[in-house]
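I have placed the structure first, in the form of structure tokens, so that the comments after it can refer back to it.
The values are calculated or read from the model by the stated rules, or taken from the named source; none is laboratory data. What you see is a predicted model, and the numbers here were worked out from it, not measured in a lab. Cβ sites come from the backbone with ideal geometry, for glycine too, and all protein chains shown count toward neighbours. Surface areas here come from the heavy atoms of the whole protein model, side chains and all, with no ligands, DNA or RNA. Shrake-Rupley method; radii C 1.70, N 1.55, O 1.52, S 1.80 Å.
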Amino acid sequence: MTAAAGDVFPPTDSVGLVQPQTFTFDQPLPLASGNRLENWQLMVETYGELNADASNAVLICHALSGNHHAAGYHDPEDRKPGWWDSYIGPGKPIDTRHFFVVALNNLGGCHGSTGPSSINPATGQPYGPDFPVMTVEDWVDSQALLADRLGIQQWAAVVGGSLGGMQVLEWSLRHPQRLRHAVVIASTPRLSAQNIAFNEVARQAIMSDPDFREGRYQQAGVIPRHGLGLARMIGHITYLSEHSMGEKFGRDLRSDKLNYGFDVEFQVESYLRYQGETFSESFDANTYLLMTKALDYFDPAARYGGDLPRAVSEAQCSFLVVSFTTDWRFSPRRSEELVNALTAARKRVSYARIKSPHGHDAFLIPDQRYEAVFTAYMQRVAAESHAEGAVS
Amino acid sequence: MRQDLAIIADWVRPGSRVLDLACGDGELMHHLQQHKQVTGYGLEIDADKITDCIRRGVDVIEQDLNRGLGNFADNSYDTVIMTQALQVLRRQDLALDEMLRVGQEAIVTFPNFAHWRCRFYLTFKGRLPVSKTLPYQWYDTPNIHLITFKDFEVLLREKGLKVLDRAVGDLAYEGHWKARVWPNLFGEVAIYRIGR
């Protein structure tokens with residue numbers, strides 16, 4: 001959906017124009033790495049209205065390259081709305097007529113929350129590589145402090161896809177009393193060796209760029225454009241399916257003949273290079289490194305000797321787990337691992353495996369069945385939060 | 001509430017753990033949750049029915065029963081239920097084994113292929129029966145293994161399984177005296193409660 005000239009702006013099913021807010025925290029945040037953040041800030045967007053007893057709040061957790069801008073537009077001229085606009089808005093699965101939706105940029109990010117490109121108060125210089133490595137647990141703790149600030153004792157639901165889904169799962173285990181529903185989409189309870197391997201190649205691409213400068217590229221006034229672009233290209237391949245790439249590009253050439261050289265010839269090459277280039281202009285390399293590490297480290301079962309059913313026994317909420325058939329980054333099997341652990345632990349869980357050609361990216365793309373399942377579940381959540389409202 | 005579901009609800013102990021295989025739109029599980037305070041899950045593969053379950057608050061897991069119940073532990077449920085789905089599975093004997101591995105008891109329902117109308121149809125028309133309980137043509141039927149009460153009970157005997165309860169009736173599950181005396185001839189549908 002774009003706000004093209006001539007169309008009514010904002011579209012009727014959009015949250016419309018939104019404005020991010022900054023929340024500043026003075027209380028130190030202890031981190032899994034043993035470090036702590038003394039002063040930190042979060043960039044946040046909210047949609048809808050918080051009800052009187054704060055029972056209708058939904059937290060959106062973002063994935064690797066996501067941010068606080070999940071829905072709506074910052075400017076009527078914006079070419080694109082927020083990254084999950086297809087699923088957040090009036091009449092959409094996360095219906096802003098019922099829910100108060102909170103989306104934030106995670107710590108370590110590069111869209112306004114404290115991260116590697118922020119100024120380190122100790123040195124007056126950007127943190128760069130000195131910014132502590134964040135974990136999913138750290139993010140959840142920072143989100144819990146944000147909830148306190150917003151007056152939200154318990155989320156009606158915490159929702160997220162991919163790395164966002166990991167935060168949702170962690171919420172259910174770390175703060176089991178503070179959410180009623182967990183929606184875990186296209187995610188996994190831990191990365192596979194193959195997932196970690198892809199992340200490592202992406203990190204090496206960044207760190208081996210001469211402009212990386214040990215992470216202090218900001219002071220040097222350069223950015224490791226090439227390495228970051230390459231990392232994005234690798235990541236992007238894992239977000240699509242073989243089928244969707246074939247459909248989109250096939251073996252199409254940019255010109256009508258082969259050049260017998262190493263320049264861009266196939267359309268898919270051109271597409272990937274474009275993705276890499278635009279990404280490297282808008283994303284921070286140190287943030288990318290940090291996010292991939294958070295992915296690699298996440299493994300709630302490790303605290304219980306690898307026993308996932310025991311790990312999830314802490315949870316009190318109900319779960320909706322959704323996977324997509326052609327997702328090979330976090331395949332349906334990974335979601336089913338989680339579902340099996342939840343059923344073994346006798347937790348409330350529903351699971352849908354959505355047939356989609358779009359690979360891992362499917363969680364961001366409109367799809368009739370995905371919308372139906374998501375809507376049905378969120379309506380249940382909404383009905384309960386109204387009931388909660390009625391009793392108190 | 002369908003009569004067969006009411007009978008099943010009678011046989012399920014309050015507060016027990018239930019797995020409902022091919023749970024459809026979740027009507028039975030919903031009823032059992034509301035009136036018997038059971039916990040557990042429905043398993044289903046139909047996309048729309050899965051959405052129906054979620055909408056009515058039944059926990060449903062998308063799973064193909066032909067791939068077994070390997071993801072459920074031995075003895076992890078009190079009752080494993082399967083209504084009107086046994087005949088569409090590839091290996092019913094294995095399905096029964098699985099149900100009674102995971103559950104203490106199993107409850108199954110299916111249409112009787114030896115009902116007198118079916119027999120009449122085949123004998124005098126020379127064609128495979130089409131009826132209310134078996135409304136399909138031979139080429140498009142999902143019912144790939146048709147069952148008679150007698151066949152089913154022979155299978156149970158061979159497996160050393162016990163029939164704990166049996167209700168035989170017409171489509172409305174009203175047990176006529178004829179169905180009690182000659183169930184395999186006059187019963188259209190049956191519900192069995194089976195134990196190890």
Seminar exercise, completed: Relative contact order in percent for chain A (Cα pairs under 8 Å, 6+ apart) equals 17 percent
Exercise. Which residues' amide hydrogens lie under 5 Å from the amide hydrogen of B:T148, considering only partners 5 or more residues apart or on another chain, with H built in the peptide plane?
Worked result: B:F113
For this session: Ignore the peptide's own chain and count Cβ atoms of other chains within 10 Å of each Cβ in A:370-378; give me the average, rounded.
Result: 4
Exercise. Under a plain spin-label model, where a point goes 7 Å from the Cα along Cα-to-Cβ, how far apart in nm are B:Q104 and A:Q154?
Worked result: 3.1 nm
Seminar exercise, completed: Ranked output for segments B:160-169, A:89-98 by mean other Cβ atoms within 10 Å, highest leading, reads A:89-98, B:160-169
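Give the percent of DSSP beta bridges with both residues in chain B that are antiparallel, rounded to the nearest 5.
Details: 14 of 33 bridges.
So the antiparallel bridges amount to about 40 percent of the total.
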Exercise. Cα to Cα, under 26 Å, and not fewer than 8 places away if on the same chain: which lysines meet these conditions relative to B:K162?
Worked result: B:K36, B:K150, B:K178
Seminar exercise, completed: Counting other chain Cβ atoms within 10 Å of each Cβ in B:100-111 and taking the mean gives 0
Exercise. When you take every Cα atom in chain A, what is the radius of gyration, and what is Dmax, the widest Cα pair distance, in Å?
Worked result: 20.9, 73
For this session: Have a look at A:T24, A:T238, A:T46 and tell me which one the Gaussian network model of chain A (Cα, springs below 10 Å) gives the largest fluctuation.
Result: A:T24
For this session: For A:R310 and A:K80, calculate 0.36 nm times their separation in residues minus their Cα-Cα distance, and state this gained length in nm to one decimal.
Result: 78.5 nm
Seminar exercise, completed: Taking placed amide H atoms and a strict 5 Å upper bound, the residues 5 or more places from A:W84 or on another chain that come that close are A:A71
Problem set entry | 10 Å Cβ neighbours from other chains, averaged over peptide B:30-41 | 1
For this session: Measure off, as a whole percent, the carbon and sulfur share of the 1.4 Å-probe accessible area of chain A, all protein chains present.
Result: 51 percent
Exercise. Which residue, A:K248, A:K347, A:K355, has the most motion in a Gaussian network model of chain A that connects Cα atoms within less than 10 Å?
Worked result: A:K248
Problem set entry | Of A:S142, A:S350, A:S117, the one that fluctuates the most in a GNM where chain A has Cα springs shorter than 10 Å | A:S350
Seminar exercise, completed: Label model pair A:L145, B:S131: point-to-point distance (7 angstrom along the Cα→beta-carbon line) in nm is 7.1 nm
For this session: Give me the distance in nm between label points sitting 7 Å out from Cα along the Cα-to-Cβ direction at A:V133 and A:A220, one decimal.
Result: 2.2 nm
Problem set entry | Theoretical gain in end-to-end length, A:A122 to A:D252 [0.36 nm per residue, Cα-Cα removed] | 41.5 nm
Exercise. Per-residue accessible area for B:D25 at 1.4 Å probe radius, Å² rounded to 10?
Worked result: 60 Å²
Exercise. A:F9 to A:E371: extension gain in nm, 0.36 nm per residue of separation minus the Cα-Cα distance?
Worked result: 128.0 nm
Seminar exercise, completed: Note to self: C-alpha centroids of the range A:178-219 and the range B:101-153 sit apart, in Å, by 55 Å
Exercise. So how do A:H360, B:H30 rank on accessible area, 1.4 Å probe, biggest first, that is with the largest at the start?
Worked result: B:H30, A:H360
